[in-house]
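Encoded as structure tokens, the structure appears first; notes follow it.
The values are calculated or read from the model by the stated rules, or taken from the named source; none is laboratory data. As the structure is a computational prediction, the values presented were derived from the model and not from experiment. Cβ placement follows ideal geometry from the backbone for every residue including glycine, while neighbour counts extend to all protein chains displayed. The protein model used for the area step is the full one, side chains on, heavy atoms only, and it has no ligands, DNA or RNA in it. Shrake-Rupley method; radii C 1.70, N 1.55, O 1.52, S 1.80 Å.
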Amino acid sequence: MNEASMLMPQYALYTGEPVKDAPILSVSGLCIEYPNERTKIRNIGFSIARGETFGLIGESGSGKTSVCKAILGLLKDRALQSGSIRLCGKELLRLSPKEQQKINGKDIGYVMQNPHAAFDPCMKIKRHFMETIKAHRHCSTREAFRLGYELLCAVGLSDAERVMESYPGQLSGGMLQRVMVAIAVSLRPVLLIADEPTGALDAGNCGIVLQLLAKAVRETQAALLFVSHDMNAVANIAECIAVMKEGEIVETGTAETVLKNPRHPYTAELLSSSKVYVHVHF
Ligand SMILES: Nc1ncnc2c1ncn2[C@@H]1O[C@H](COP(=O)(O)OP(=O)(O)O)[C@@H](O)[C@H]1O
Ligand SMILES: [Mg+2]
């Protein structure tokens, strides 16, 4: 891959000099309530520094995707949310949908949990790349195509030309997941949110995707929110971890502390049910 073409630091939200060591993402007191739903997401707080990967782990239904959607302003109107979500110091919960739309994609790259829902079935992959890249970056169609092509190769899709010419329905969930990772990093966002990005992948491709995400974070000094129920994936990429259960963070700390000395019984349970082969930090 041509490294120079990709992933240079870009802090579009900054108006002045970047504040040294200020977190890129800072979430505090975040609460989400869905009408007629028992599970409430309560008092979520964490921050991610530049160049850092933060792992959010917990069983299905614990509220991980809801936290991601709140950051992206994608919760439906009827979901009540309160608290604070700051991106490079800017409060996101007060943004209008239009303002948030400008930030999504460009400043926040999102790898959605369900790869099939992320793509317009009538558009070739090529067009998904072109539209995303050209909407946010000044570059020619040829440059956008080349960047897309390089990134598809980087996520292990060696038949990149065929993938570009395919409709989403012609690709497997695992392939779409990797295309989504490629599109998300193509814009060099300050924050990458990857919601179960390896869910549909076998071990080999899971490793490739983790490597690309880690590389993107390292090279752009972006922040990565890595969401998973797979303790192994989180253990191998995150520096800090928060464990969610029934809408709350029950334990948080450095990956090493949480994995070696889990304090909450639920964390211990998660660890004992998944053999964790740590620590090949990418
Ligand atoms: N669109 C929605 N409408 C109503 N309730 C929802 C919606 N999305 C999530 N929830 C509620 O929030 C809980 C947490 O869901 P989610 O954030 O998807 O968890 P996770 O990603 O950890 O599996 C669910 O169990 C459900 O009760
Ligand atoms: Mg989820």
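For a distance above 28 Å, tell me the whole-number percent of Cα pairs in the chain that qualify. Tail fraction, whole percent: 34. Shown for region 3-273: the carbon plus sulfur share of the solvent-accessible area, taken with all protein chains present and a 1.4 angstrom probe, equals 49%. Taken as Cα centroids, region 238-269 and region 38-76 sit 14 Å apart, rounded to the nearest whole angstrom. Its relative contact order, with pairs defined as Cα atoms under 8 Å and 6+ residues apart, puts the chain at 27 percent. If you take the charge dipole of the chain about its Cα centre, with +1 on Lys and Arg Cβ and -1 on Asp and Glu Cβ, which of L271, C139, L74 is farthest toward its positive end? Of the listed residues, the answer is C139. Stretching R127 away from C31 to a fully extended chain increases their span by 30.9 nm, per 0.36 nm per residue minus the current alpha-carbon distance. Where only DSSP H runs of four or more residues are counted, the chain gives -10500 deg cm²/dmol as its mean residue ellipticity at 222 nm, each run worth -39500 (n - 2.57). Placing unit charges on each Cβ (+1 for Lys and Arg, -1 for Asp and Glu) gives the chain a dipole about its Cα centre, and among I57, H116, A200 the Cα reaching farthest toward its positive end belongs to H116.
Converting phi to 3J(HN,Hα) with the Karplus coefficients 6.51, -1.76 and 1.60 and the offset θ = phi - 60°, region 188-193 yields 6, x, 6, 10, 10, 10 Hz in sequence order, with x at every glycine or proline.
Taking L192, L87, L75 in turn, the Gaussian network model of the chain (Cα-Cα springs below 10 Å) assigns the largest fluctuation to L75. Accessible area per residue for region 3-273, computed on protein heavy atoms with a 1.4 Å probe, is 46 Å². Assign one of three labels to region 148-282, namely rounded, prolate or oblate, based on the Cα gyration tensor with a ≥ b ≥ c the square roots of its eigenvalues; rounded applies when a/c is under 1.5, prolate when it is not and a/b is larger than b/c, and oblate otherwise. Cα axes put region 148-282 in the prolate bin. Given +1 at the Cβ of Lys and Arg, -1 at the Cβ of Asp and Glu and no other charges, the dipole of the chain around its Cα centre is 580 debye to the nearest 20. Of all DSSP-defined beta bridges confined to region 187-282, some 55% are antiparallel rather than parallel.
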